[in-house]
Amino acid sequence: MTQKINKAKLMEFMLTEEGMHFNSNEDWNAIAEHVNVHHQFLIEQLGEYVTYSQALYSWYENIYKALKLGIEISNLNLRFNNMSTGELYIAVSDHWYNLKLNNPEVNAVEAVKDYAAINKPKKRGIIRNIIANTDEIYSKPRNTFADVFITAVYGNPKGKKKKKKPVPGRRRAA
């Protein structure tokens, strides 16, 4: 009996061990879609059928590891600490895909550098963060001092981010 593989769950199992985390299952589906696009890209480029397992391995070795290394080398995850590792990966991956449309030779490190140059994290003072997050800070029934402080300094604390609406028609990296 053939069992259908839940590709998003496979991605979650595989990449959680690599340190990738998301706040929603929709993001795991986005990663699975990245692999699907890469699968189709391989079939077109090679002119022959490629199994999903082969495409997954190719994506992991050629796309994921390259972007992960670029993000780590540039300390991008520290500069964008308001994003989960997975959200940052998807953002940089989408940016790389868009860069490759104009220049197929652009590599992962160049994409990471370009993403960092274009998307500078917002820096606000503690007072402005308190004012901007007042509703959120005081709308929760039992905030500790640590919750208020973390929200004031960093915005939404990790794990308590508002869900982002998916961008219609957003393309994934090949």
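Can you give me the C-alpha center-to-center distance between the stretch 35-58 and the stretch 68-86, rounded to a whole angstrom?
Computed from Cα coordinates, the inter-centre distance equals 27 Å.
Just the projected area, averaged over all directions, of the convex hull on the alpha carbon atoms of the stretch 68-110: how many nm²?
On the way: hull surface 11.2 nm².
Across all orientations, the stretch 68-110 yields a mean hull projection of 2.8 nm².
Here, each number is a calculation from the coordinates, and none is a lab measurement. Since the structure is predicted, the reported quantities are computational estimates derived from the model, not experimental observations.
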